[in-house]
Amino acid sequence: MKKNAIISIVCVLGLYISLSASNLPLSKQASFVENYSSSEVTVQATGMGRRDRHALVDLRKAAVHFVLYGGTDPLLSSPEAQLKFQEIEESFFEDSNVASYITWEADRVISSADTRLPDGGRGVSITKNVRVHRQQLYEYLVSQDIILSRQDLVEQIGLPMIMVLPEVPQGQTPLEVFDKNPLARQAAGAIESHLTAQRYDVVVPRAQEQLSDLATVQGALQGSDEDISYQLALSLGADVYIVFSGEVENDRATVVLRAYETTTARLLGTETGYSERRPGASQQALTEEAVNSALSNVLSRVQNYWRDDIERGLQYKIIFQFQDGFDEYDKEDVQFAIMDAMEDMFTRFNENIVADNTMDYLVWATKDEYSRASSIYRDFRNTLRDYARVTRITLNRKFIVMGIEPLQF
């Protein structure tokens, strides 16, 4: 009898040691609920353990693990950062340390059930909502040199120039929406204020005189894209543009933010933000709260895109427009010369269109050689001098349109 009791104690002790051998979460089951604020995120997490109290500790670890590794905007977004963090992972996931990043935990248990633990033993699983201080986690990772701070990122590669525009119905312009809709102005102001506080350069298309190049851009695109936001961003040289839409209903605001790469109109990220339901609160206050809840995740995706893309070079959209006066063979000679120049000048390029009178390219230029659009224009003008006369139509930090005219003898 005594021998059996000793064996039972040893088995229980062995189970406890096996479960306690690692500080890492057992379940790692979690999902995003909402951005509670610009610094906190609410997560639904599941924890596992021998007892309820063990499962609750594991639940908090699973929530923090999700913010670090999971979802669409993990703090550890690169393989290099993940490898660095794994060196300190065990000590980081100590119970008391994880608890310091939890700012709120729901009283209501979403689910609770008996379960089989990873080592084969019996235990319980508990699911509930918790809130994680994402900004505090970010600051810790920066302090440990695991990820770059925003300041370091700015010093190394700069930050993209961003334009903020409302979603507009067909036939209207963003300026008309700003003139007629005070909530659109409020939302744009909230986004721009956050961007400037984070040291982004912001392009503000509020004055009609700023749109002088828009007609030229529309002509160069030849109706291939009627998206006015895309055309505006190209014409004013933004790297990224953010389009917002939303509504206020039943004392609650909903705002949708979409970030696009300017040169291709490629969607970089989308996020929906919500305000709390606040009877009596102004629509402007609710709108700003909803904007703030969505903006952090969108900017995280913009930063990831910018860091990855800048390694390939500065991106430009280049269009060559052929003027009248070429015969068929002379025009082909010029087109072949442009193709050869693309190979010589750029490490990477995409050929979008080669038509009778238009050639459309997306290029990545090395920063050392082509830090300015004017340098690209100058080199094409020199390279093609024996084939055609090159004129400048539009020239900004993202978009270059050159006219190609026959040589005059």
Point to revise | Candidate set from the range 26-49 (those that are within 14 Å of D73 (Cα to Cα) and charged (D, E, K, R)); member that is surrounded by the fewest Cβ atoms within 10 Å (Cβ to Cβ) | key: E34
Study note, to complete from the structure: Selection from the range 108-145 of residues on the phi > 0 side of the Ramachandran plot and among the acidic types (D, E) yields D145
Exercise for review: Select from the range 328-356 the residues that are aromatic (F, W, Y) and under 31 Å from the mean Cα position of the chain (by Cα) and write down the one among them that is surrounded by the most Cβ atoms within 10 Å (Cβ to Cβ).
Suggested key: F346
Point to revise | Verdict on S111 being under 21 Å from V41 (Cα atoms) and without any contact (Cβ under 8 Å) to a residue 12 or more places away in the chain | key: no
Practice item. Report whether or not L75 is touching a residue at least 40 places away in the same chain (Cβ under 8 Å) and over 30 Å from Q303 (Cβ atoms). Key: no
Exercise for review: Report yes if D73 is within 22 Å of R131 (Cβ to Cβ) and in a loop (DSSP other than H, G, I, E, B), otherwise no.
Suggested key: yes
Exercise for review: Could you look through the range 275-302, keep only residues that are in contact (Cβ under 8 Å) with a residue 40 or more places away in the chain and surrounded by fewer than 18 Cβ atoms within 10 Å (Cβ to Cβ), and pick out the one that is nearest to R397 (Cα to Cα)?
Suggested key: Q284
Check your understanding: Among the residues of the range 331-356, which ones are farther than 19 Å from N382 by Cβ and either out of contact with any Leu (no Cβ under 7 Å at 6 or more places or on another chain) or of a type in the set (A, V, I, L, M) (or both)?
Key -> K331, E332, T347, R348, E351, I353, V354, A355, D356
Review point. What about T272, is it more than 21 Å from M161 (Cα to Cα), under 24 Å from the mean Cα position of the chain (by Cα) and in a helix (DSSP H, G or I)?
Key: no
Review point. In this structure, does Q303 turn out to be in the same structural domain as L183 (by TED's automatic domain parsing) and not aliphatic (A, V, I, L, M)?
Key: yes
Exercise for review: Give the residues of the range 368-391 that are among the aliphatic types (A, V, I, L, M) and within 29 Å of P160 (Cβ to Cβ), sorted by residue number.
Suggested key: A373, I376, V390
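The values are calculated or read from the model by the stated rules, or taken from the named source; none is laboratory data. Since this is a predicted model, take the numbers as computed values, not measurements. As a convention, Cβ positions derive from the backbone with ideal geometry for all residues, glycine included, and neighbour counts pool all protein chains shown.
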